[in-house]
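Heads up, the thing below is written out as structure tokens.
The values are calculated or read from the model by the stated rules, or taken from the named source; none is laboratory data. Just so it is clear, the model here is predicted, and its values are computed rather than measured. Glycine gets a Cβ as well: all are built from the backbone with ideal geometry, and neighbour counts include every protein chain shown.
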Amino acid sequence: MRIALAQINTTVGDFGANRAKIFDYARRAAEAGARVVLFPELCLTGYPPRDLVEKPSFLARAEAEVALIAAETADLALHLIIGSVAPSHQAAGKKVLNTAVVLYQGREVFRQTKMLLPTYDVFDEGRYFYSAESQSLLLIDGTPVALTVCEDTWNQKQIFAQPLYDRDPISELKAQGARLLLSINASPFEIGKRDLRRELFRTIARQHGLPCVYVNSVGGNDHLVFDGSSFAMDASGELIAESPSFAENLSYCDLDTSVGDRAASHPDEIEAAYEALVVGTRDYVTKCGFKRVLIGLSGGIDSSIVACIAVEAFGRENVMGVGMPGPYSSDHSLTDAREMAERLGIRFEVSSITPGYNTMVETLRPLFEGYQPDATEENIQSRLRGLTLMALSNKYGALVLTTGNKSELAVGYCTLYGDMCGGLAVISDVPKTMVYDLCRVANRRLSDPIPENVFIKPPSAELRPDQTDQDSLPPYDVLDRILKGYIERFESPSEIAKREDLPLDLVREIARKVDLNEYKRQQAAPGLKVTSKAFGMGRRFPIAQRYRE
């Protein structure tokens, strides 16, 4: 059986464009002699559609589009397997189904409803969907096929110490006589996840003696980036086909001969994270209707990596950097920013905030009488920079990319309505230490645009004389180890202090900062997820609360 793996990038709610893409890939697959073409989970609606599925008109449109695809592909002699939503028609419970729809020569011949509905991390499918009570086999050319939707495969006891579900759809379908597993997915990228998926399916293949074909979405939708990385394995778990990461692709595998197309994924996880940020930034900005971006360039490591990502995402002609020196800015902050902009070939403008800062301080002087200068005056500088960028955004119709990293956002080392202003927080899920690694990747890919001085000078917000980040924070290599334990692994300060051999008071203070700054993070621009636990939709803590570790 020759199977086509259609790894496509779709936009939430853009039914016409999504349908056209599905038809194009199906036609190409049929011309190449495929008997089956497999598309990702919810590819017709885009993933995740979130509360759009609560709209009856959205469900009706999805059903109408399925019928249109069936009609458009009636002359193609292959099975189309697409992901969509449908009404549940149940007397009680959720009104919507997450389904895999099978079309053949103009007719709908089969539907499989998703059984396991994830409600952890960024997933909230229990909010929307009715879970399948049972599943059945799909028959293709005499072969009984187990057709699953994403999470239905993620409950293997050999992989997960504590499975989340009582049901195991794979075992149930195998018991019915399945001889092949086809899985459609919308599985977001995070560092290390591509290897985990392959380990999971290798385990399934060997345990059940089933060839496995896995197709995943690619592209960015809001916070999430989908890496594709589709693959096929034979019944022994040996890889016979693989699609590239972070690119649309149509590849093929022949299960009879165990031969398939091979396009290697990114082997290095840091380079994969870089590529995820490029794809996620490009799709977020373009799917929101923008064509150009603005970045405040400080000559520091964070704005440097965001500028490099933007150039790869949009082309240098659509990226503008803005230097905004203030009363305490060093000479190298402007010279390093200008040099990098020249190396990247992007437009660079300078707009000093010093006159505005002096005016604001003088204007507020009567109201500040009796108070000593403090963080208030520092924040005025940051907010004037935010004001400048947002004014340029309005005037030029360009989206502002914020440059704060995960380490800063975690402990509140950032200013609301200042450096947090913007439409997309590109590196808000990138720890500071990883920023340096990403910059080395950018220099390899873009012929060294980031000057070496940017790598070696002490990080500083330059909001007071001779300020460095380490005046307020521990060294970033220490901070990031604490944050990884506290944010991503939910460890207590005592556990972190013991494992990392760090003073308990230091770890407790960092944990306190994380807890106290939730109000800032919930007002931040959307960010792109690349680690196992990103701020935003995947980490939901209350703001007004008093629990302390």
Q: Working only within region 1-22, note down all residues that are polar (S, T, N, Q) and crowded, with 20+ Cβ neighbours inside 10 Å.
A: Q7, N9, T10, N18
Q.
What pairs come out if I take residues in region 189-212 that are assigned by TED's automatic domain parsing to the domain that holds V430 and more than 27 Å from P48 (Cβ to Cβ) and pair them with residues that are at pLDDT below 95 and buried (at least 23 other Cβ atoms within 10 Å of the Cβ) whose C-beta lies under 6 Å away, six or more apart or interchain?
A. none
Q) Hey, T257 hits all of (1) part of a loop (DSSP other than H, G, I, E, B); (2) among the polar types (S, T, N, Q); (3) closer than 14 Å to G228 by Cα but one; which does it fall short on? A) (3)
(Q) Of the conditions (1) buried (at least 24 other Cβ atoms within 10 Å of the Cβ); (2) within 26 Å of R2 (Cβ to Cβ), R202 satisfies every one except a single condition; which number is it? (A) (1)
Q. Does Y357 satisfy the condition of being surrounded by fewer than 21 Cβ atoms within 10 Å (Cβ to Cβ), within 28 Å of G397 (Cβ to Cβ) and in the same structural domain as D448 (by TED's automatic domain parsing)?
A. yes
Q: Identify the single condition in (1) surrounded by fewer than 16 Cβ atoms within 10 Å (Cβ to Cβ); (2) in a helix (DSSP H, G or I); (3) free of Cβ contacts under 8 Å to residues at least 60 places away in the same chain that I482 does not satisfy, given that it satisfies every other one.
A: (1)
Q) Across region 205-217, which residue is nearest to V259 (Cα to Cα) among those that are out of contact with any Ser or Thr (no Cβ under 8 Å at 6 or more places or on another chain) and surrounded by 18 or more Cβ atoms within 10 Å (Cβ to Cβ)? A) P211
Q. Looking at region 334-368, which of its residues are in contact with a helix residue (DSSP H, G or I) (Cβ under 9 Å, 6 or more places away or on another chain), touching a residue at least 24 places away in the same chain (Cβ under 8 Å) and aliphatic (A, V, I, L, M)?
A. A337, M340, A341, L344, I346, V350, I353, M360
Q: Using the structure shown, decide if R508 is more than 14 Å from the chain's Cα centre (by Cα), in a helix (DSSP H, G or I), not assigned by TED's automatic domain parsing to the domain that holds G219 and not small (G, A, S).
A: yes
Q | Boolean, L250 is free of Cβ contacts under 8 Å to residues at least 60 places away in the same chain, more than 23 Å from Y417 (Cα to Cα) and in contact with a Phe, Trp or Tyr (Cβ under 7 Å, 6 or more places away or on another chain) | A | no
Q) Does region 237-274 hold any residues that are within 23 Å of A442 (Cβ to Cβ) and touching a helix residue (DSSP H, G or I) at 6+ places or on another chain (Cβ under 9 Å), and which are they? A) S245, F246, A247, S265, H266, D268, E269, I270, E271, A272, A273, Y274
Q. For region 487-505, which residues satisfy the criterion of being within 21 Å of the chain's Cα centre (by Cα), outside any loop (DSSP other than H, G, I, E, B) and not aliphatic (A, V, I, L, M)?
A. E488
Q.
Pairs needed: first member in region 53-82, of a type in the set (G, A, S); second member anywhere, exposed (fewer than 14 other Cβ atoms within 10 Å of the Cβ); C-beta distance under 7 Å; at least 6 residues apart or different chains.
A. A70/R107
Q. If you check R111, R19, R28, which single one turns out to be more than 26 Å from R179 (Cβ to Cβ) and out of contact with any helix residue (DSSP H, G or I) (no Cβ under 9 Å at 6 or more places or on another chain)?
A. R28
(Q) Suppose we keep only residues that are in a helix (DSSP H, G or I) and of a type in the set (A, V, I, L, M, F, W, C) within region 125-171. Which one would you say is farthest from Y104 (Cα to Cα)? (A) I170
Q | Single condition A461 does not satisfy, out of (1) more than 23 Å from C414 (Cα to Cα); (2) in contact with a helix residue (DSSP H, G or I) (Cβ under 9 Å, 6 or more places away or on another chain) | A | (1)
(Q) Between a residue in region 519-543 that is on the phi > 0 side of the Ramachandran plot and any residue that is assigned to a strand (DSSP E or B) and modelled with pLDDT of 95 or more, which pairs come within a Cβ distance under 6 Å, given they are 6 or more apart or on different chains? (A) G536/G527
Q) For region 176-190, does any single residue satisfy the condition of being surrounded by fewer than 20 Cβ atoms within 10 Å (Cβ to Cβ) and out of contact with any strand residue (DSSP E or B) (no Cβ under 9 Å at 6 or more places or on another chain)? A) no
Q: Take region 385-404 and flag every residue that is out of contact with any strand residue (DSSP E or B) (no Cβ under 9 Å at 6 or more places or on another chain) and either surrounded by 22 or more Cβ atoms within 10 Å (Cβ to Cβ) or part of a loop (DSSP other than H, G, I, E, B) (or both).
A: G397
Q. Of all residues in region 23-43 being surrounded by fewer than 24 Cβ atoms within 10 Å (Cβ to Cβ) and among the hydrophobic types (A, V, I, L, M, F, W, C), which is nearest to V85 (Cα to Cα)?
A. F23
Q) Under 7 Å by Cβ, and 6 or more places apart or on different chains, what pairs join a residue from region 121-140 that is on the phi < 0 side of the Ramachandran plot with one that is of a type in the set (V, I, T) and in a loop (DSSP other than H, G, I, E, B)? A) E125/T119; G126/T119
Q | Conditions (1) in a loop (DSSP other than H, G, I, E, B); (2) surrounded by 10 or more Cβ atoms within 10 Å (Cβ to Cβ); (3) not small (G, A, S): number failed by N379 | A | (1)
Q. What number of residues within region 311-333 satisfy the criterion of being free of Cβ contacts under 8 Å to residues at least 40 places away in the same chain, touching a Leu at 6+ places or on another chain (Cβ under 9 Å) and part of a helix (DSSP H, G or I)?
A. 2
Q) If you take the residues of region 449-479 that are within 27 Å of the chain's Cα centre (by Cα) and part of a loop (DSSP other than H, G, I, E, B), which of them is farthest from G326 (Cα to Cα)? A) P449
Q) What is the number of the single condition among (1) within 26 Å of R385 (Cβ to Cβ); (2) surrounded by fewer than 19 Cβ atoms within 10 Å (Cβ to Cβ) that D515 does not meet? A) (1)
(Q) Checking K174 against (1) in contact with a His (Cβ under 6 Å, 6 or more places away or on another chain); (2) assigned to a loop (DSSP other than H, G, I, E, B), only one condition comes out false. Which one? (A) (2)
